[in-house]
1. Mind ordering 122-129, 157-164, 386-393 by average Cβ neighbours within 10 Å, highest first?
2. Once the other residues with Cβ under 14 Å from the Cβ of GLN69 are scored (Lys, Arg +1; Asp, Glu -1), what is the net sum?
3. Between LEU58 and residues 5 or more places away or on another chain, which pairs have amide H atoms under 5 Å apart, with H built 1.01 Å from N, and which residues are they?
4. Quick one: what are the phi-derived ³J(HN,Hα) couplings along segment 244-251, Karplus 6.51/-1.76/1.60 with θ = phi - 60°, whole Hz, x for glycine and proline?
5. If each residue of separation counts as 0.36 nm, what is the full-extension length gain between ALA269 and GLN173 once their alpha-carbon separation is subtracted?
6. Provide the per residue accessible area, probe 1.4 Å, for segment 56-192, rounded to a whole number of square angstrom.
7. Please sort 43-54, 77-88 by packing, taking for each peptide the average over its residues of neighbouring beta carbons within 10 angstrom, highest first.
8. Tell me, what % of the accessible area of segment 144-239 is carbon and sulfur with a 1.4 angstrom probe?
Amino acid sequence: MSKASLLQFLFQPGEIVRGLRRLGGKGAALHAVRRASTSLERTVLGPAQVRINPMGALCNHHCPMCWLQVLPPGERKRLGKEDRELGMTAAEYESLFAGMAGGLTEVNVVGGGEPLLHPGVIDIFASIKRRKLRGYLISNGTLLDADKAAALVDLNWDRTRISTHAGDAETYQKVQGVKLFDRLRENLVTFDRLRREQGKLKVCQFHVHHVIQRENIETIPSMFTFALEVGADHVIFEIVFPINPGMRLTVAELERARELLGQGAAAAAISSNAVEIVAGLSREIIETGDEERHAAEQAAVERHAAEQAAVAALVTATDPASAPEALTTSAAPSSSAPPELNPAVSVPDAPYRPANRCSVGFDSAFITALGDVLPCCFSNEVMGNVREQSFKQIWYGEAYTLFRKRLINGDFAEYCSNVRCKLTSFLHD
């Protein structure tokens, strides 16, 4: 975050008031200290949020959109075995939380795989809540049986987000790769019943999460309906992150998603972030349209180059001596090449600049199943390992200090652009 953007924030009273309402006086004060730290290129507080990854790759689903599906089968099997045999234990997570830097308020239990597969996951939840930290679970929900649901309610677990991506069994099988829709429904209904019976609706929040992708766009209305039927408090939508170009939604698909999300937000009797997604889609449609045009132009350039090469090969084979003259007279641009383009010049890739307000070195961290500490879930830069040092030692260590200096100076890592990261503010702004 630049010093200029920090000053800009400080002179926006509305943001400060909203922060006080959301975080409370103590939380807002800690947040202000973290923000001020960015001008010093070092931090005086630990992160507000830590994401732990009990299962790095082991999962009971086979979602086509998941990063695991692009791995060779042998590699995925190896990573799953690594989770089972080498992953952090519940006791090690207890030590991790004991060695935390000051200022931590929330722990997100997420996974490259499914976190509820961890044999000690309930003990991990208990370690988090014993320290009066806010707990946030992200799960596919099919392992959230009655015993685990009861444990979450008894612990006053703050928020559970269920990754569903469908409102009907047929679509669910397409996007999740398993036939477990009925089990999921039963689990969620049971979870909702238990929290209602104990009067913990406000304490134990429950959200349904849908990633909009090509296979489920037309079923968006049923996603709202499903969330209502299972008793969810809120629905979260997002647009698929394409792990390969073929998954990226076209302009027409984005426009259809925007239409159905807008209609759903207006008609549904449940809160959601659909309005925010609709607003963001307007910009994404423009960007995607630009990229589609860019791709079409690049394809035309490549097609024309291939045609020239074919003509050159034909002429050379027929009469080698006349090849240079023949190419200048015969290899004229075909009608498939846009006349305004110079076929000899390659169209450059559209530039991408990460946000200059990234805060991952100041308010969040990601810890893998094997204990490596990374700045974020997209990063491949290891700051240290909690099996060798305490988190506090890693957080204030040399690797993190150098990382923060790079961040403040706008020296972003290559992976920031590769994943087209859209983090534009502090996590708690």
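The values are calculated or read from the model by the stated rules, or taken from the named source; none is laboratory data. Everything quoted here is computed from the prediction, not taken from an experiment. Please note: Cβ atoms are built from the backbone with ideal geometry, for glycine as well, and neighbour counts cover all protein chains shown. All accessible areas refer to the heavy atoms of the entire protein, side chains included, with ligands and DNA or RNA removed. Shrake-Rupley method; radii C 1.70, N 1.55, O 1.52, S 1.80 Å.
1. On the way: 122-129: 20.6, 157-164: 22.5, 386-393: 16.4.
My ranking of the peptides, most packed first, is 157-164, 122-129, 386-393.
2. Working: positive: ARG76, LYS77, LYS174; negative: GLU75, GLU215.
Net of charged neighbours comes to +1.
3. Distant-sequence amide H within range of LEU58: GLY113, GLU114.
4. These are the phi-based 3J(HN,Hα) values: 9, x, x, 7, 5, 6, 7, 4 Hz.
5. Details: separation 96, 0.36 × 96 = 34.56 nm, distance 2.61 nm.
This chain segment gains 31.9 nm when fully extended.
6. Numbers: 5720 Å² over 137 residues.
Per-residue accessible area for segment 56-192 comes out at 42 Å².
7. Numbers: 43-54: 22.1, 77-88: 15.8.
Those peptides, ordered most packed to least, come out 43-54, 77-88.
8. Details: 1840 of 3930 Å².
Carbon with sulfur: 47 percent of the solvent-accessible area.
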